[in-house]
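A.B. asks: I am attaching a structure below and will ask some questions about it afterwards.
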Amino acid sequence: MLSPVVVCHQLRSPENLAAIARAMANFGFSDLILSDPQTHEFRVAGRIAVKADTVMEHFQVAQSLDEALTGVVYAVGSTSRAQLKRFTPLSPEQAVARLATHAARGKVALVLGGEKRGLSDDELSRCQDVLVIPTPGPQPSMNLSHAASILLYLCSRQDVPPPAETPGATLGMIKRLEAKMQDALLAAQFLNPQAPQHVLTELSRSLLRAQLTEREAQVWLAAFEHLARS
């Protein structure tokens, strides 16, 4: 069974937290991270989340989405928006299959946005892919906990390939590599200092598509650190 980390970014409602915890318990998941939560009524959520003690007693709180994703090798974010920058949205089934593929390399994450505005373009850029649950009815947006239930059910039905021989580079490691790469390329006057992110983002996404191993990312880091010293 595919067992992603469930990351809820800027969750506002203790009722939704309880409902997500119950859905996780329904399908046998327990790894929950609240990224920059906008509610701290965790005891209220705990009372509502019947028989979800395993989830409610062990969830983690991260100060930012980057912190929440530090230990994973791949993340897919969810949104209700069909028009996206830099992404072609995946169907839920495609997203879950891709999560399973990357799970062979290490920990993977399913990222859910808050109730008020979902995930922004900047927040989605922290993920490698984006999924959209199609809702052809008169109500285009889906309740956060309902969306989580659909995705968790699909994950519970998904097999995972055997672990890879070498672990994949985590997103935290890729983030450090981006910082070193930016410093070196700015010093070499390759990047426009007024707007370095456009080219840097393209370079970073090519590294993510390469699915670097942990060892390969360490070699890249060492190379850029050497360039900086030179």
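The values are calculated or read from the model by the stated rules, or taken from the named source; none is laboratory data. As the structure is a computational prediction, the values presented were derived from the model and not from experiment. All Cβ positions, even for glycine, are placed from backbone atoms using ideal geometry, and neighbour counts span all protein chains on display. With ligands, DNA and RNA removed, areas are computed over all heavy atoms of the protein, side chains included. Shrake-Rupley method; radii C 1.70, N 1.55, O 1.52, S 1.80 Å.
A.B. asks: Out of everything in segment 96-116 that is assigned to a loop (DSSP other than H, G, I, E, B) and either of a type in the set (Val, Ile, Thr) or touching a strand residue (DSSP E or B) at 6+ places or on another chain (Cβ under 9 Å) (or both), what residue ends up being most open to solvent (accessible area, probe 1.4 Å)?
C.D. replies: Taking the candidates together, the pick is LYS107.
A.B. asks: Those residues that are touching a Ser or Thr at 6+ places or on another chain (Cβ under 9 Å), surrounded by fewer than 20 Cβ atoms within 10 Å (Cβ to Cβ) and under 17 Å from HIS146 (Cα atoms), I need them from segment 23-56; list them, please.
C.D. replies: Selection gives ALA25, ASN26, PHE27, GLY28.
A.B. asks: Within segment 117-142, count every residue that is open to solvent by less than 90 Å² (accessible area, probe 1.4 Å) and part of a loop (DSSP other than H, G, I, E, B).
C.D. replies: Within segment 117-142, residues that are open to solvent by less than 90 Å² (accessible area, probe 1.4 Å) and part of a loop (DSSP other than H, G, I, E, B) number 13.
A.B. asks: Restricting attention to segment 159-168, does a residue exist that is within 27 Å of GLU214 (Cβ to Cβ), at pLDDT 90 or above, open to solvent by less than 40 Å² (accessible area, probe 1.4 Å) and not β-branched (Val, Ile, Thr)?
C.D. replies: yes
A.B. asks: Got at least one residue in segment 173-180 being among the hydrophobic types (A, V, I, L, M, F, W, C), in contact (Cβ under 8 Å) with a residue 12 or more places away in the chain and surrounded by fewer than 15 Cβ atoms within 10 Å (Cβ to Cβ)?
C.D. replies: No, segment 173-180 has no match at all.
A.B. asks: Among the residues of segment 193-213, is any at pLDDT 90 or above, farther than 25 Å from SER91 by Cβ and touching a Leu at 6+ places or on another chain (Cβ under 8 Å)?
C.D. replies: No - not one qualifying residue is present in segment 193-213.
A.B. asks: I'd like the full set of residues that are closer than 23 Å to MET173 by Cα and surrounded by 15 or more Cβ atoms within 10 Å (Cβ to Cβ), limited to segment 79-94.
C.D. replies: PHE87
A.B. asks: Sticking with this structure for a sec: ALA222 passes all but one of (1) within 24 Å of the chain's Cα centre (by Cα); (2) at pLDDT 90 or above; which number fails?
C.D. replies: (1)
A.B. asks: Moving on. So which residues in segment 181-212 are out of contact with any helix residue (DSSP H, G or I) (no Cβ under 7 Å at 6 or more places or on another chain), closer than 29 Å to ALA109 by Cβ and either assigned to a helix (DSSP H, G or I) or touching a residue at least 60 places away in the same chain (Cβ under 8 Å) (or both)?
C.D. replies: LEU185, GLN197, HIS198, VAL199, THR201, GLU202, ARG205, SER206, ARG209, GLN211
A.B. asks: Right, next: Which residues, taken from segment 219-230, are in contact (Cβ under 8 Å) with a residue 12 or more places away in the chain and open to solvent by less than 80 Å² (accessible area, probe 1.4 Å)?
C.D. replies: Answer for segment 219-230, where residues must be in contact (Cβ under 8 Å) with a residue 12 or more places away in the chain and open to solvent by less than 80 Å² (accessible area, probe 1.4 Å): LEU221, PHE224, GLU225, ALA228.
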